[in-house]
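S.K.: Sharing a structure below in structure tokens format, with a few things to ask.
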Amino acid sequence: MPAESTPDAGIAGEDTATDPRRRRAKGRRRKPRAKGRTALLVTAWTAGGVLLLGGTGVGYLYFKLNGNLKSVDINDALGTHRPAKADNGSENILVLGSDTRAGGNKKLGGGTDDGSARSDTAMIVHLYKGHKKAAVVSIPRDTLVDRPECTDTKGTQHPAASSVMFNSAYSTGGATCAVKTVESISGLRMDHYLEVDFSGFQKLIDDLGGVKVTTTKNITDTNSHLDLKAGPHTLDGQQALGLVRTRHGVGDGSDLGRIQLQQAFIKALVAQVKQIGILTSPTKLVDLADTATKTVTTDSDLGSVKSLASFAGGLKGISSSHMNMVTVPVQYDTTDPNRVLLEKDKAQLIWDALKKDKPVPGSATKGSASGQAKGVVTS
């Protein structure tokens, strides 16, 4: 709760080595993992809202929330060899969901606590000039990329590597390596970085009182402990985490299908946050702000409540209807069904559009591999 070569990317299936288009486990419910942009919006809105509250406790809350925030100095670690900042008023934010199994996340995420972490989810959030609308480009975690040489925030240098999974950039060199890899792939400058963890995501949803969605199909996945019948639901934190983590519960069993579920959930969450009027409930606002600021790690430019509050002013006008959510165009790797390869020509249409602050053209994603879970979750 975060430039060099252009890779021949690929996306993998994820936890298993079978064809993701045929793999689908059924079972009971478990919990999913946290995804990014949600926390960006909720954190900014709630942090900004705290500053609007009256009363004697505001000063204390301000410093308390500042103490919750964690930040990394991306700019210092990456230096000057980066894409230029956009001069058209737009901004790009890299949002990552970390799949570390340490601490409270081990119970939520499953798997082995080996001391490492990977960027389980990656989204480039492009805020258009005026910050009234956004484009969100998901990068599948199993995409094969050429990872550039990078230096992490501790000063350790990591050599370049070819045809490695995208999410390994984070486990290799942390946030700075992930940012540099994304900038290398896209040619876009990442103005900000935001990272979300499992346990914070779950508590954030619970603090919100759950999120209302409708499922058009049954979703059952023993791996994520998720069991939802077709119909309306108010998902609690555990169920929400399970939904954004599930791969085998619906669709073709691939990471692409999971991304479609994530995107649908985020739209539902953003729409609900706009509707419930958290600024009218000081208690709810404080709880949300406390959880949100504990959930995320930001770049140093956003590493204070004051900075987040300022940034929030540019996000308040963005509603779910003003978000265009796409997945970077890929095809399954014919030599490994658990990986996908980037369609570089089509992807370039996206990068070019965002550089010019233009809408993503429909032709950029037409005919690309799909997880077949689109429309399964609606708000």
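S.K.: Going through the cross-link list K133/K203; K70/K358; K284/K358, which pairs have a Cα-Cα distance over 31 Å in this structure?
M.R.: Cα-Cα > 31 Å for K70/K358; K284/K358; rest within.
S.K.: For the pair T222/D301, report the inter-label distance in nm, with labels modelled 7 Å from Cα in the Cβ direction.
M.R.: 4.8 nm
S.K.: Please sort 256-266, 183-193 by packing, taking for each peptide the average over its residues of neighbouring beta carbons within 10 angstrom, highest first.
M.R.: 256-266, 183-193
S.K.: Calculate the spin-label point distance for K344 paired with T151, positioning each point 7 Å from the Cα along the beta-carbon direction, and give it in nanometres.
M.R.: Each label point is offset 7 Å from its Cα along the Cβ direction, giving 2.8 nm.
S.K.: Extending each Cα 7 Å along its Cβ direction at K358 and T334, get the distance between those two points in nm, one decimal.
M.R.: Here the answer is 3.2 nm between the modelled labels.
S.K.: How big is D, in µm² s⁻¹, for segment 305-379 by Stokes-Einstein at 10 °C and 1.306 mPa s if Rh is the Kirkwood radius over C-alpha pairs? Spell out each step's value before the answer.
M.R.: Numbers: Rh = 15.1 Å.
Translational diffusion coefficient: 105 µm²/s.
S.K.: For segment 294-379, what's the relative contact order in percent, using C-alpha pairs closer than 8 Å and at least 6 residues apart?
M.R.: 20 percent
S.K.: Also, quick follow-up: Which value, in nm² and rounded to one decimal, describes the direction-averaged projected area of the C-alpha convex hull of segment 168-312?
M.R.: Quarter of the Cα hull surface area: 10.0 nm².
Read-outs throughout are calculated quantities, based only on the coordinates presented, and are distinct from any laboratory measurement. Remember, predicted model here, so these are calculated numbers, not experimental data. We place every Cβ from the backbone using ideal geometry, glycine too, and count neighbours over all the protein chains shown.
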